[in-house]
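Shown next, in structure tokens, is the structure this report addresses.
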Amino acid sequence: MNTKINFRRVFIIVSIGSLVLCYSLLWLRMITTPIERTGADFIAFYAAGRIVQNEGAAHAYDPTLEQKYEQEVVGFDIDPQQISPYLHPPFLLLLTRVVALDNFVLSFVIWNLVMAAFLCAGAISLFRLLRNEFSKSEWPILAVGILLFFPAYESLINGQDSAILYLGVCLWMFGILKGRDRLAGLGLALMAIRPQLALLFALPFLFKRRLVWWWFLLGASLLILFSLFYAGSEGIEGFLRILAISGRGVNYHTGEDNMVNLIGLLWRVFPGASAFVIHGIGWGMYFAAIGGMCIYWFRVRSLAEKQVGLMALVSVLVAPHLHFHDLVILIVPVVSLILVLRRGDCLPTQNIILLPLVVSLALLFSFFSKFLLHMVSYLVILLLFLALWFPKKVFLKKSFARIK
């Protein structure tokens, strides 16, 4: 009798089962526990939607009104500095208005379904990018790994809109690698949901494949015009004002010390440092990274998987405002590494397809400890960077051939 254990198959079954079970249990705990669901970021979207319904879109960024409508949800008074401010562009207000029903829980569920649709749309573009690279037996495992990508799930349980960022960055990646610059530019326009990331991704295209830049400008301009039409100049001014407050990190609970970026790292390492110094270093590195990427884009011969993945990794570290749910953009370096390893013959394909599952398991494991949350996240970013830069040194095919 052959009792040899297929460890690879066991890993696949256990990892997929663990992710699905953990995701389901954590979401159910969140949606059924009042303190958890009202403590999620969705309360800011809900309050903004109620303001638009009752006061008009121009007042969506009024902190006094935000405090009023959030208090109605939680059922007790909230200190003005403890509200969850609505930090998102005005073009999203129409969606928040539609979703904000009288029942907060039902609104949360509908919001999750809408964001899940955005995530699936982004995943479809990645499937199209990868479908010809793997066999029919390997493809389902890779697809499931992409669909179960942990930061995307975390954005859902937190009630965030990072799914729109995910769709934008997936369209951008697909457009760049498939030579469809118009689609890449429109994907960048969707990334305007996080202006600090959209700017970093877009400016290098002034120096190479400029059509991407022009289509980004067109898409972003349409979103700005819609915002102006829907929220008016008062709404635009309110958005810029709340962004300035958030950028200073001194009002409301913006949670800079919990961010998964350079500014968050500096606050944790130097908790007593001056905010002026921390922000000076953080913003300085942000603008230096933009300059560096522009130079790199200008000098590189062509844009391929490596360049796309590295840009996403750099953006995670230097973006001035980036929480864990925004790590959805790590799907770009993960997929980039899959393509690099597949085409470079650095690793057996049966192991390459496990990469999304491995990254998700590592991030899920870290999620249960604040210390591990940051340490593992930075470690994953570092390993992805090294693997993309030196794939043949990090991965030796002979070393992994025995994993069956």
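The values are calculated or read from the model by the stated rules, or taken from the named source; none is laboratory data. Since the model is a prediction, treat every value here as computed from it, not as a measurement. Cβ sites come from the backbone with ideal geometry, for glycine too, and all protein chains shown count toward neighbours.
Only a single criterion out of (1) farther than 30 Å from Arg9 by Cβ; (2) part of a helix (DSSP H, G or I) is not satisfied by Val335, namely (1). Scanning the stretch 322-337 turns up no residue that is small (Gly, Ala, Ser), modelled with pLDDT of 90 or more and under 16 Å from Leu165 (Cα atoms).
Scan (1) closer than 30 Å to Phe134 by Cβ; (2) surrounded by fewer than 20 Cβ atoms within 10 Å (Cβ to Cβ); (3) of a type outside the set (A, V, I, L, M, F, W, C) for the single condition Ser274 breaks and write down its number. The failed condition is (1).
Among the residues making up the stretch 166-177, those that are buried (at least 20 other Cβ atoms within 10 Å of the Cβ) and among the hydrophobic types (A, V, I, L, M, F, W, C) are Leu167, Val169, Cys170, Leu171, Trp172, Met173, Phe174, Ile176. Pairs meeting the criteria (first residue in the stretch 253-281 and among the hydrophobic types (A, V, I, L, M, F, W, C), second residue modelled with pLDDT of 90 or more and assigned to a loop (DSSP other than H, G, I, E, B), beta carbons under 7 Å, at least 6 apart or on different chains) are lacking. Collect the residues in the stretch 136-183 that are of a type in the set (Asp, Glu) and touching a residue at least 40 places away in the same chain (Cβ under 8 Å), keeping them in residue-number order. Hits for the stretch 136-183 are Glu138, Glu154, Asp161.
Against the criterion of being within 19 Å of the chain's Cα centre (by Cα) and among the hydrophobic types (A, V, I, L, M, F, W, C), Ala100 does not qualify.
Of the candidates Ala231, Ala189, Ala163, Ala152, the single residue that is buried (at least 22 other Cβ atoms within 10 Å of the Cβ), touching a Pro at 6+ places or on another chain (Cβ under 7 Å) and among the hydrophobic types (A, V, I, L, M, F, W, C) is Ala231. Checked against the criteria, Ser336 does not count as of a type in the set (Gly, Ala, Ser), closer than 23 Å to Asn258 by Cα, buried (at least 19 other Cβ atoms within 10 Å of the Cβ) and in contact with a Leu (Cβ under 7 Å, 6 or more places away or on another chain).
Listed residues Ile51, Ile78; which is at pLDDT below 90 and in contact with an Asp or Glu (Cβ under 8 Å, 6 or more places away or on another chain)? Show your work before the answer.
Values: Ile51 fails: at pLDDT below 90.
After applying the criteria, what remains is Ile78.
Against the list (1) of a type outside the set (Ser, Thr, Tyr); (2) buried (at least 19 other Cβ atoms within 10 Å of the Cβ); (3) part of a helix (DSSP H, G or I), the condition Leu347 fails is (3).
Whenever a residue of the stretch 70-82 is within 19 Å of Thr33 (Cβ to Cβ) and touching a residue at least 24 places away in the same chain (Cβ under 8 Å), its partners that are among the aliphatic types (A, V, I, L, M) and part of a loop (DSSP other than H, G, I, E, B), lying with C-beta atoms within less than 7 angstrom and at least six residues away or across chains, give the pairs Glu70/Ile78; Glu70/Ile83.
Taking the stretch 77-108 as the range and being within 18 Å of Glu154 (Cα to Cα) and exposed (fewer than 15 other Cβ atoms within 10 Å of the Cβ) as the test, only Val105 passes. Scanning the stretch 286-312 for residues that are among the aliphatic types (A, V, I, L, M), surrounded by fewer than 20 Cβ atoms within 10 Å (Cβ to Cβ) and either assigned to a helix (DSSP H, G or I) or touching a Ser or Thr at 6+ places or on another chain (Cβ under 7 Å) (or both) returns Ala288, Ala289, Ile290, Ile295, Leu310. In the stretch 285-312, of all residues being of a type in the set (Phe, Trp, Tyr) and in contact (Cβ under 8 Å) with a residue 40 or more places away in the chain, the one that is nearest to Lys178 (Cα to Cα) corresponds to Trp297. Which of the residues belonging to the stretch 350-382 are part of a helix (DSSP H, G or I) and surrounded by fewer than 15 Cβ atoms within 10 Å (Cβ to Cβ)? Within the stretch 350-382, Lys370, Phe371, Met375, Leu379, Leu382 qualify.
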